[in-house]
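Single-structure report; data block below.
The values are calculated or read from the model by the stated rules, or taken from the named source; none is laboratory data. These figures come from a predicted structure and were not determined experimentally. Neighbour counts run over all protein chains shown; Cβ positions are idealised from the backbone, glycine included.
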Amino acid sequence: MNAKSSIKRLDVLWSLVLFVSLCGQGAFAATYRLPVDGSHVAGKLQRHQVQAGETFALLAKEYDVGLLSLIAANRGVDPFLPDEGEVLTIPNRFILPSAKQEGIVVNLAELRLYYYDPDGEHVHVFPVGIGRIGRETPQMVTSISAMIEAPTWTPPQSIRMAYEEDGIELPDVVPAGPDNPLGEYAMRLRYGSGQYLIHGTNKDFGIGLRVSSGCIRMEPDDIQWLFERVGRGTRVQIVNQPIKMAVEPDSSVFIESHEPLTAKNGTKQTFDWPLELQIWLDSDQLANYSQTYSKVNGVIQIQTGMPIMVHDGSYD
């Protein structure tokens with residue numbers, strides 16, 4: 001066996017060992033290498049050809065992406081009955097949020113959680129459920145104050161009253177187990193009375209949607225993976241950035257636009273374009289301001305939730 005064949009065989013064996021070790025963990029993180037040289041675009045788009053019986057809800061679980069993100073990336077396709085053979089875009093490419101790349105960052109507008117690996121080289125990305133209208137998840141910079149395995153749930157009075165309106169009487173305390181809506185793991189955030197959690201779920205629906213009473217909800221495998229890697233004191237930042245911008249090292253510019261959250265009165269929340277986007281548009285380097293402005297505005301209005309190039313880096 002020559003040296004080249006030996007190296008190839010070792011590569012195959014190492015890949016197999018890595019695969020088996022990941023399977024043993026019981027969960028797979030959506031892991032991406034952090035961009036280098038000043039880039040802010042990470043991940044890679046995937047394609048999926050629809051098979052008979054598949055729905056967006058099933059595919060969102062399979063690829064561990066948010067349901068609304070999958071719908072936004074494939075506008076015009078029926079999420080309940082997509083045509084067999086239809087090629088879908090899986091939105092696994094993104095602009096990193098404008099936030100400190102440390103610990104956990106949650107961007108409410110994209111219903112996505114980022115965990116920056118302590119190695120400084122990787123980011124792990126997960127879909128999350130957030131607070132529904134009237135019970136919004138607040139923006140904050142905080143940390144994890146408690147790690148809770150097999151949590152119990154003490155329903156607050158507001159939730160108890162909401163259930164009573166539907167004829168359901170909740171117990172004072174819901175014990176740990178399959179009926180507990182917090183799932184098997186919870187991380188308490190140091191904020192106010194400590195009522196906000198990042199936790200799992202016992203439901204088969206709700207990840208990637210606005211469904212909670214203010215907490216951040218994760219898939220059971222995802223929360224287990226994250227729970228095993230963070231601890232008390234881990235930094236947590238929650239932001240609301242429906243528009244993200246990246247100026248790349250080659251001067252190309254990408255915009256990623258998400259549908260703004262709905263406010264309590266039922267209207268879409270107002271938002272300003274990022275300051276860096278306004279400064280860039282106002283710069284005198286652009287060859288055609290009006291044309292570029294129109295393109296940027298179009299991307300923002302379409303709200304695909306994916307990075308789209310609005311400038312190729314060339315200047316007049």
Return a yes/no flag: does the stretch 108-116 have any residue that is over 23 Å from GLU259 (Cβ atoms) and in contact with a His (Cβ under 9 Å, 6 or more places away or on another chain). yes
(1) modelled with pLDDT under 95; (2) assigned to a loop (DSSP other than H, G, I, E, B); (3) of a type outside the set (Ser, Thr, Tyr); (4) surrounded by fewer than 20 Cβ atoms within 10 Å (Cβ to Cβ): which one isn't true of ILE159, the others all being true? (2)
Enumeration of residues in the stretch 100-119 that are more than 16 Å from VAL230 (Cβ to Cβ) and surrounded by fewer than 18 Cβ atoms within 10 Å (Cβ to Cβ): none
Note: among ASP37, ASP78, just one is within 27 Å of SER251 (Cα to Cα) and in a loop (DSSP other than H, G, I, E, B), namely ASP37
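On the basis of being on the phi > 0 side of the Ramachandran plot and in the same structural domain as PRO127 (by TED's automatic domain parsing), does GLY214 make the cut?
Details: on the phi > 0 side of the Ramachandran plot: yes; in the same structural domain as PRO127 (by TED's automatic domain parsing): yes.
Answer is yes for this residue.
Mind listing just one residue for me: the one in the stretch 267-291 that is under 15 Å from GLY313 (Cα atoms) and modelled with pLDDT of 85 or more and, of those, surrounded by the fewest Cβ atoms within 10 Å (Cβ to Cβ)? Explain how you work it out, then say what you get.
So in the stretch 267-291, the residues under 15 Å from GLY313 (Cα atoms) come out as 277, 280-281, 283-289, 291.
Pick out the ones that are also modelled with pLDDT of 85 or more and you get 277, 280-281.
Details: LEU277: 19, TRP280: 19, LEU281: 17.
Across the stretch 267-291, the extreme among qualifying residues is LEU281.
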